[in-house]
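The next block holds one structure in the form of structure tokens; read it before the comments.
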Amino acid sequence: MSYLLKRIAFYVFTAWAAVTINFLIPRAIPGDPVQALITRSRGQMTSEAVQSLYVLFGLDKDASLVEQYFTYLGQLLRGDLGLSFTYFPSPVSQVIGDGLPWTLGLVGITTVLGFLIGTALGTGIGWRRGSWADALIPVTTFVSSIPYFWLGLIAIALLTGPDSFFPASGAYDGGLVPNPDPQFIGSVLRHGILPAFTILISSMAGWILSMRNMMVTVSSEDYVTVAHAKGLSDRRVMVGYAARNALLPNVSGFALSLGFIVGGTLLVEIVFSYPGLGLQLFQAVGAKDYPLMQGVFLIITLSVLLANFLADVAYLALDPRTRREG
Amino acid sequence: MTDAVLEIRGLNVDYGLGDEAVHAVRDVDLTLHRGEVLGLAGESGSGKSTLAYGLTRLLPPPGVIAGGEVLYHPDGGAPVDVLRMTLPELRKFRWAETAIVFQGAMNSLNPVHRISSQLTDVIKAHDPRSTPASRLARAREMLRLVGISADRLDSYPHQLSGGMRQRVMIGMALALEPKVVIMDEPTTALDVVVQRQILRQLVELRERLGFSVVFITHDLSLLVEFSDRIAIMYGGRIVEEATSADLYRDPLHPYSHGLLNSFPALRGPKRELTGIPGSPPDLRAMPPGCAFHPRCPHAMERCGVEVPVLGIPGDVRSGHDAGANEPAPADRTVACWLHPVHDDGL
Amino acid sequence: MTVVPSTAAATPAATPVKRRRLRFVANRKASIGLAVLGFFALLAIIGPWIAPYDPSGRSSDLLQGPSTAHWFGTTHLGQDIFSQVVVGTRSVMVVGFIAGLVATILSILVGVTSGYLAGAGSEMLSALSNVFLVLPALPLMIIITSTLPETSTLTIALVIGLTSWAWGARVLRAQTLSLRGRDYVEAARATGEKTWRIILFEILPNLTAVIASGFVGTVIFAVTLEITLAFIGVGAGGDWNWGTVLYWAQSQQALAQGAWWWFVPAGLAIALLGTALSLVNFGIDEFVSPRLRGGGKTNVKTADGRTVRMRVGFTPVLGNAEGREGS
């Protein structure tokens, strides 16, 4: 259990670091973004909303930095991330709340699936080393070097069009209202297929390569030779002895590269105009919508930390050596 | 003791193919008799482990078996050639007839599975109709046999000491009651006290269960003590084979002599430790003639030209300490020009 | 460890350094990768001189497909895309190299220090690199760069370099920790050798391959990040790079207009550069861990003319014993 507690402490620390970065960076913004917003809102903003933005961006010149910091933390704890410039006058928390389910659904599912499928394929290629499957490696290397968003562009160019089954943008047909009926769900699935495949193909490639290398390395471990010497079936040796051990570094690699993968997958949302956090971040960048940018950064970071923690728990379940049995 | 259980004939093992092939084991003939402990000794790189991995076909790439036969004699059945088996036949043969205990006590057990599952999966693989309960009972029995309490079944390898892990491996090796157990430096990584305990236990178990052992080590004095016969390897060939008593009393090959003087004897009169000058030959650039001649204190001109043949020496009389004058026994062979073969005409 | 299988076949560890270096260049993957990398480096240097047109210069050939005059076609403003890609190479290579260099230096400082020194300071450095490792890089870069008053190729390179050292530091720390316990390091410490001398002469030389592979990995990361940032419109203002080409292609609806030539060349260039860098890294990996090496032929012919694949656990039998291999 001490292992888990240590990890939790680490994630809390990292979350705090992310919040603090979020607090410090806007204080470096030259000029007064809040003033710009107030001008744009033409007096529709309540004085409370203005005050909240001032806290977020450190323009409350009367307060010391420490005071500002604590006011800021208090505001965050209440879930107040300020007002979005682009979706004015919606609060950032509401905007993100709209986008988060789409991102979780698309990016969450495909990232995990990509890892699982890639690992399975890498297991087979690594085990049958020297067979025809090795010819896949150069292809996979090439695919893994392609940025996610470019693959999405190609998919749109080749597979979408006026007569195509695949829509080029959005998460569901414009005329539908989000509710759980078959028509809506069907539309969501149809819109999700291309972005999902784009993410799957690009993220899989990396896992194939790393799992293949781990399989090759583990295959020459003594315990695998012992398993062969025991006359176990090829399948049992491959799965129970080689892959089971090769999986461990791959899982910790998954946890560590989540932050990187998520960055790439957000771009796919932009290409497909998929209404998740990635698209919101893109719009925020274009409109210099700092509150939304920061809110998205914070939420993505917290989600990645949570996912990381789950990967840690998985690792704990997979490797008995990290467990303390007493 | 005359009944053969494993016969190796003309075994050649290479690393790599074609012109790049390194010949790690050359023309080895060796017979393991029922119930005996056959020691296989030599420096590292002499080919002793390659021989063991080769005859079980467990050598990883780029190892290949270039030729030869490994005949296994089942109880009352016709001999089968391990090298001609198909993969399914080989899988069935492994562990049930020939089990192996490997060098690394640390790495031989799968770190992510419990001891129980590693003991039972091999039983299940060879007897799919056994019940989980019977397999578990057998696993418990095997642990008891090697002196480990049954509650260790639920442990993971990292929770056991090195000595315990090696005992588990020995217990696992005996789980299917094989006729042959090959041990590749099974105690090298352990401290001397644990080493003695395990070896004593092994001798006991062999007496009880009657399997044969091929025991591979670089520590010749260890072999002298508890093996019946010893084969010495150098540069991929067997250079001398004799009963332990004969070999200890009167090593014929200068290499055996040097090897014997490289380790302190555990019992008996003290010898002066001299060791062997020089280092083992590079397998890719073997010296011509006898591979040992560059290091040999008694090298003659002939040694650098002709490879000596392994055979019964013509000049040795058995038990010459006692003054007897019998010819050397048939199980005493050497490959050295100092002791030309009996019917060589010299 | 089983001594026999590797020592007899592979070259012993005592091989002279010079011969090992040559072997790295002789590695097919690494040499292909280095050749492609050399090509892009050359392009980065001479690009602006060999580009047939001014990449920003407009012409009357609006949105033309590839032709002899415009190899990669033109944009909606009549700009030559070939020139944009060629000129853009410099910015990509510069960012990759500078960011890689900055991140590698930082990762050596943090990784080796936290690996060699024990105690609270070491733990803190390690926690710091873990924090940087799990923070999602792209959103972090976006909020940093959009805050900067001015961004040039150089500032982008520096920001990427300053935020992406964590992976290298983590790997180096682990390696240093294992090196620290080695006999020769212990011996150097016992004889009273100064700490900086031990790190410089005993530890660092043994980390060369890890450092090199970390550098190449960071270059891949930096190039991808720069292009991604440019694609979403954050980044170097006036400079052309492959991401800017894609940004304009996307914002001018190149897809909807069927102008595939607008985004295909830049994308292929990214993939080619990424593949080249990965190949160099595979070369390093195989150099460091011989198990991954292909080892030449994997299929062997037996005496009776059949072909058998070499595999772990079932040594093939050649020669007189005509072993029949099932399955």
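Within the range A:153-163, track down each residue that is in contact (Cβ under 8 Å) with a residue 24 or more places away in the chain, among the aliphatic types (A, V, I, L, M) and crowded, with 18+ Cβ neighbours inside 10 Å.
A:L153, A:A155, A:I156
Report the residue count in the range C:156-199 for those that are without any contact (Cβ under 8 Å) to a residue 12 or more places away in the chain and either surrounded by 21 or more Cβ atoms within 10 Å (Cβ to Cβ) or not aromatic (F, W, Y) (or both).
Kept after step one, since they are without any contact (Cβ under 8 Å) to a residue 12 or more places away in the chain, are these residues of the range C:156-199: C:178, C:181-183, C:186-187, C:189-194, C:196-197.
Of the ones still in play, those that are also either surrounded by 21 or more Cβ atoms within 10 Å (Cβ to Cβ) or not aromatic (F, W, Y) (or both) are C:178, C:181-183, C:186-187, C:189-194, C:197.
Selection size over the range C:156-199: 13.
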- Query: So which strands (runs of 3 or more DSSP E) stay within the range B:161-242 end to end and still have 1 or more residues that are of a type in the set (K, R) and at pLDDT 90 or above?
  - Reply: B:229-234
- Query: Are any of the residues in the range B:113-127 part of a loop (DSSP other than H, G, I, E, B) and in contact (Cβ under 8 Å) with a residue 60 or more places away in the chain?
  - Reply: no
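Given the residues C:T224, C:T208, C:T147, which is the only one that is crowded, with 19+ Cβ neighbours inside 10 Å and within 25 Å of C:I98 (Cβ to Cβ)? Full working, then the answer.
On the way: C:T208 fails: crowded, with 19+ Cβ neighbours inside 10 Å; C:T147 fails: crowded, with 19+ Cβ neighbours inside 10 Å.
That would be C:T224, the only listed residue that is crowded, with 19+ Cβ neighbours inside 10 Å and within 25 Å of C:I98 (Cβ to Cβ).
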- Message: Suppose we filter the range B:48-92 for residues that are more than 19 Å from the chain's Cα centre (by Cα), at pLDDT 90 or above and among the hydrophobic types (A, V, I, L, M, F, W, C); how many remain?
- Response: 2
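Tell me whether the range C:79-97 contains one or more residues that are aromatic (F, W, Y), over 30 Å from B:L51 (Cβ atoms), out of contact with any Cys (no Cβ under 7 Å at 6 or more places or on another chain) and modelled with pLDDT of 80 or more.
Our first condition is that a residue be aromatic (F, W, Y); within the range C:79-97, this holds for C:82, C:97.
Right, trim to over 30 Å from B:L51 (Cβ atoms) and you get C:82, C:97.
Add one more test, that the residue is out of contact with any Cys (no Cβ under 7 Å at 6 or more places or on another chain), and what stays is C:82, C:97.
In the following step, the residues that additionally are modelled with pLDDT of 80 or more were identified as C:82, C:97.
Looking through the range C:79-97, at least one residue is aromatic (F, W, Y), over 30 Å from B:L51 (Cβ atoms), out of contact with any Cys (no Cβ under 7 Å at 6 or more places or on another chain) and modelled with pLDDT of 80 or more.
Yes or no: B:R144 assigned to a helix (DSSP H, G or I), in contact with a Leu (Cβ under 8 Å, 6 or more places away or on another chain) and farther than 20 Å from B:L55 by Cβ? Walk me through how you get there before you give the answer.
Values: assigned to a helix (DSSP H, G or I): yes; in contact with a Leu (Cβ under 8 Å, 6 or more places away or on another chain): no; farther than 20 Å from B:L55 by Cβ: yes.
Spelling it out, it is not the case that B:R144 is assigned to a helix (DSSP H, G or I), in contact with a Leu (Cβ under 8 Å, 6 or more places away or on another chain) and farther than 20 Å from B:L55 by Cβ.
When only residues in the range A:141-152 that are assigned to a helix (DSSP H, G or I) and of a type in the set (V, I, T) count, which is surrounded by the fewest Cβ atoms within 10 Å (Cβ to Cβ)? Please lay out each step first, then the result.
Taking the range A:141-152 first, the residues assigned to a helix (DSSP H, G or I) are A:141-145, A:148-152.
Checking which are of a type in the set (V, I, T) leaves us with A:141, A:143.
On the way: A:T141: 23, A:V143: 20.
Per the stated criteria, the residue is A:V143.
Check B:S116, B:S134, B:S49 and return the single one that is closer than 24 Å to B:V168 by Cα, small (G, A, S) and at the interface with chain C (Cβ under 9 Å from one of its Cβ atoms).
Details: B:S116 fails: at the interface with chain C (Cβ under 9 Å from one of its Cβ atoms); B:S134 fails: at the interface with chain C (Cβ under 9 Å from one of its Cβ atoms).
Exactly one residue qualifies, and that residue is B:S49.
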- Task: Scan the range B:29-40 residue by residue and report those that are more than 14 Å from every other protein chain (Cβ to nearest Cβ), assigned to a strand (DSSP E or B) and in contact (Cβ under 8 Å) with a residue 40 or more places away in the chain.
- Result: B:D29, B:L30, B:L32, B:H33, B:V37, B:L38, B:G39
- Message: Take the conditions more than 10 Å from chain C (Cβ to nearest Cβ) and at pLDDT below 90 and apply them to A:V239. Does it pass?
- Response: no
- Query: Any residue in the range C:9-17 that is modelled with pLDDT under 75, within 14 Å of chain B (Cβ to nearest Cβ), over 32 Å from the mean Cα position of the chain (by Cα) and part of a helix (DSSP H, G or I)?
  - Reply: no
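For the range A:225-252, which residues satisfy the criterion of being touching a Gly at 6+ places or on another chain (Cβ under 9 Å) and in contact (Cβ under 8 Å) with a residue 12 or more places away in the chain?
Going residue by residue through the range A:225-252, those that are touching a Gly at 6+ places or on another chain (Cβ under 9 Å) are A:225, A:227-229, A:232, A:234, A:237-238, A:242-243, A:246, A:250.
A:A227, A:V237, A:M238, A:A242, A:A243, A:A246, A:N250, listed by residue number.
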- Message: Just to check your reading of the model, which residue among B:A150, B:A125 is more than 25 Å from A:T322 (Cα to Cα) and either small (G, A, S) or within 13 Å of chain A (Cβ to nearest Cβ) (or both)?
- Response: B:A125
- Could you please give the count of residues in the range C:132-154 that are touching a residue at least 12 places away in the same chain (Cβ under 8 Å) and either in a helix (DSSP H, G or I) or under 19 Å from the mean Cα position of the chain (by Cα) (or both)? 12
- Query: Counting just the residues of the range C:253-263 that are more than 8 Å from chain A (Cβ to nearest Cβ) and either basic (K, R) or over 14 Å from C:Q64 (Cβ atoms) (or both), which one comes out farthest from the chain's Cα centre (by Cα)?
  - Reply: C:A256
- Picked from the range B:17-27 (must be surrounded by fewer than 24 Cβ atoms within 10 Å (Cβ to Cβ), in a strand (DSSP E or B) and not charged (D, E, K, R)), the residue farthest from the chain's Cα centre (by Cα) is B:V22
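Restricting attention to the range A:242-262, which residues are within 16 Å of A:T123 (Cα to Cα) and more than 10 Å from chain C (Cβ to nearest Cβ)? Please lay out each step first, then the result.
Keep residues of the range A:242-262 that are within 16 Å of A:T123 (Cα to Cα), which gives A:242-251, A:253-254.
Correct list: A:A243, A:R244, A:N245, A:A246, A:L247, A:L248, A:P249, A:N250, A:V251, A:G253, A:F254.
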- Message: Checking the structure you have, find out if any residue of the range A:179-197 is within 19 Å of A:T140 (Cα to Cα), of a type in the set (V, I, T), touching a residue at least 24 places away in the same chain (Cβ under 8 Å) and assigned to a helix (DSSP H, G or I).
- Response: no
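Could you say which residue among C:S31, C:S56, C:S60, C:S67 is surrounded by fewer than 17 Cβ atoms within 10 Å (Cβ to Cβ), modelled with pLDDT under 85, touching a helix residue (DSSP H, G or I) at 6+ places or on another chain (Cβ under 9 Å) and not charged (D, E, K, R)?
Working: C:S31 fails: modelled with pLDDT under 85; C:S60 fails: touching a helix residue (DSSP H, G or I) at 6+ places or on another chain (Cβ under 9 Å); C:S67 fails: touching a helix residue (DSSP H, G or I) at 6+ places or on another chain (Cβ under 9 Å).
When all the criteria are applied, what remains is C:S56.
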- Task: Being closer than 17 Å to A:A196 by Cβ and hydroxyl-bearing (S, T, Y) is the filter; apply it to the range A:95-122 and report the residue that is surrounded by the fewest Cβ atoms within 10 Å (Cβ to Cβ).
- Result: A:T111
- Run down B:A265, B:A291, B:A285 and say which single residue is in a loop (DSSP other than H, G, I, E, B) and modelled with pLDDT of 85 or more. B:A291
- Message: What's the number of the only condition in (1) buried (at least 18 other Cβ atoms within 10 Å of the Cβ); (2) out of contact with any helix residue (DSSP H, G or I) (no Cβ under 8 Å at 6 or more places or on another chain) that B:T56 fails to meet?
- Response: (2)
- Message: Among the listed residues A:A205, A:A120, A:A155, identify the single one that is aliphatic (A, V, I, L, M) and either in contact with a Gly (Cβ under 8 Å, 6 or more places away or on another chain) or assigned to a loop (DSSP other than H, G, I, E, B) (or both).
- Response: A:A205
- Message: Which count do you get for residues in the range B:59-100 that are outside any helix (DSSP H, G or I), buried (at least 16 other Cβ atoms within 10 Å of the Cβ) and among the charged types (D, E, K, R)?
- Response: 4
- Residues that are among the aliphatic types (A, V, I, L, M) and in contact (Cβ under 8 Å) with a residue 60 or more places away in the chain, drawn from the range A:308-322: A:A311, A:V313, A:A314, A:L316, A:L318
- Message: What are the pairs with Cβ atoms under 6 angstrom where one residue, in the range B:51-67, is assigned by TED's automatic domain parsing to the domain that holds B:T98 and the other, located anywhere, is of a type in the set (D, E) and assigned to a strand (DSSP E or B)? Sequence gap at least six, or different chains.
- Response: B:A52/B:D184; B:V64/B:D14; B:A66/B:D14
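The values are calculated or read from the model by the stated rules, or taken from the named source; none is laboratory data. Remember, it's a predicted structure, so these values are computed and weren't measured experimentally. Quick reminder, even Gly has a Cβ in these numbers, built from the backbone with ideal geometry, and neighbours come from all protein chains shown.
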